[in-house]
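S.K.: Below is a structure I'd like to ask you about.
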Amino acid sequence: MVKKIALEEHFMCAGFEDYWQTTVADVDPAILGKLVGRLSDFGAVRLEAMDRAGIARAVLSLSGPGVQIERDTAVACRMARQCNDVLAREIQKRPDRYSGFAHLAMQDAVAAVDELTRCMRELGFCGAMINGHTNGLYLDDPSLYPFWERAEALGALIYLHPADPVATSAALKDHRGLRRATWEWTVETGSHALRLVFGGLFDRFPGAKLGLGHLGETLPYLMWRFDSRAKLY
């Protein structure tokens, strides 16, 4: 079996359950309990599952949305640092199998990139996972340019993970089966990534690195359309 590196492997950190609950409130409680148990494990259960799937290394990240929905910026910054310290201690136990993505409080661009710097230079993380918008603030906002400037200098991979949209699309209203992971998160995350491209973020920061999961949130399949239409603007 070809060995793999898994980039979207989540964990649960004590004290972050209420944030996560906002995205799993409609999951059967019996299933939810099992999920929490598996997400909280860093030992035999996780490692055996990795072995069965041929995963040589997992890049661990907090189950979103985390502190990105926190309204108190000071609390968000403090808890993000706490989460990263917890993850670093777990990675130290199995550095041969685990790596980490930083969890960041994007409410404060400078504090977020300071924490990213600490995570990469002191804790050995390989970048950060950002769970979509932060209370409606998308990553192309000019207030976040200081974050992107230093992330570019660090060579940090910024992995854009799905999040609930600010508001449900009218096209999906009353169709619960299309919400979240079925389709809604792909539309939201792909649109977020396109904002960065069409908004000129990579012209301003050409060395910035953005990662997308789920086969690129379908964007690779529409490259011809994006390229041809972009010439009209």
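The values are calculated or read from the model by the stated rules, or taken from the named source; none is laboratory data. In this text, all values refer to a predicted model and were calculated from it rather than measured experimentally. We place every Cβ from the backbone using ideal geometry, glycine too, and count neighbours over all the protein chains shown. The area values use the complete protein model at the heavy-atom level, side chains included, leaving out ligands, DNA and RNA. Shrake-Rupley method; radii C 1.70, N 1.55, O 1.52, S 1.80 Å.
S.K.: Scan region 35-61 and report the pairs whose first residue is hydroxyl-bearing (Ser, Thr, Tyr) and surrounded by 18 or more Cβ atoms within 10 Å (Cβ to Cβ) and whose second residue is assigned to a helix (DSSP H, G or I) and at pLDDT 95 or above, with Cβ atoms within less than 9 Å and a gap of 6+ or a chain change.
M.R.: Close Cβ pairs satisfying both conditions: Ser61/Leu87.
S.K.: Something else about it: Give me a count of the residues in region 181-209 that are loosely packed, with under 14 Cβ neighbours inside 10 Å and of a type in the set (A, V, I, L, M).
M.R.: Result for region 181-209: 1.
S.K.: Does region 123-135 hold any residues that are more than 21 Å from Ala181 (Cβ to Cβ) and part of a loop (DSSP other than H, G, I, E, B), and which are they?
M.R.: Leu123, Gly124, Phe125, Cys126, Asn135
S.K.: Can you tell me which of Glu90, Glu9 is touching a Phe, Trp or Tyr at 6+ places or on another chain (Cβ under 6 Å) and either farther than 25 Å from Leu137 by Cα or crowded, with 16+ Cβ neighbours inside 10 Å (or both)?
M.R.: Glu90 is the lone residue from the list that is touching a Phe, Trp or Tyr at 6+ places or on another chain (Cβ under 6 Å) and either farther than 25 Å from Leu137 by Cα or crowded, with 16+ Cβ neighbours inside 10 Å (or both).
S.K.: On the basis of being β-branched (Val, Ile, Thr), farther than 21 Å from His103 by Cβ and either touching a Ser or Thr at 6+ places or on another chain (Cβ under 9 Å) or modelled with pLDDT of 95 or more (or both), does Val45 make the cut?
M.R.: yes
S.K.: Do the conditions hold for Tyr98, that is, is it among the aromatic types (Phe, Trp, Tyr), touching a residue at least 12 places away in the same chain (Cβ under 8 Å), under 22 Å from Ser63 (Cβ atoms) and touching a Ser or Thr at 6+ places or on another chain (Cβ under 9 Å)?
M.R.: no
S.K.: In addition: Looking at Leu60, Leu7 in this structure, which one is under 21 Å from Phe147 (Cβ atoms) and out of contact with any His (no Cβ under 6 Å at 6 or more places or on another chain)?
M.R.: That would be Leu7, the only listed residue that is under 21 Å from Phe147 (Cβ atoms) and out of contact with any His (no Cβ under 6 Å at 6 or more places or on another chain).
S.K.: Continuing with this model, one more query. Please specify each residue of region 109-134 satisfying the condition of being in contact with a Lys or Arg (Cβ under 7 Å, 6 or more places away or on another chain) and either open to solvent by 50 Å² or more (accessible area, probe 1.4 Å) or of a type outside the set (D, E, K, R) (or both).
M.R.: Val113, Thr117
S.K.: In region 12-34, how many residues are open to solvent by 70 Å² or more (accessible area, probe 1.4 Å) and either in a helix (DSSP H, G or I) or under 20 Å from Met79 (Cβ atoms) (or both)?
M.R.: Within region 12-34, residues that are open to solvent by 70 Å² or more (accessible area, probe 1.4 Å) and either in a helix (DSSP H, G or I) or under 20 Å from Met79 (Cβ atoms) (or both) number 7.
S.K.: Kindly indicate the residue of region 135-154 that is among the small types (Gly, Ala, Ser) and open to solvent by less than 50 Å² (accessible area, probe 1.4 Å) and also farthest from Glu188 (Cα to Cα) among those meeting that condition.
M.R.: The residue in question is Ala151.
S.K.: Note down all Cβ pairs under 8 Å where the first residue falls in region 132-143 and is farther than 18 Å from Ala167 by Cβ, the second is assigned to a strand (DSSP E or B) and open to solvent by less than 40 Å² (accessible area, probe 1.4 Å), and they're at least six residues apart or on different chains.
M.R.: From residues that are farther than 18 Å from Ala167 by Cβ, the pairs are Leu139/Ile130; Leu139/Ile158; Leu139/Leu160.
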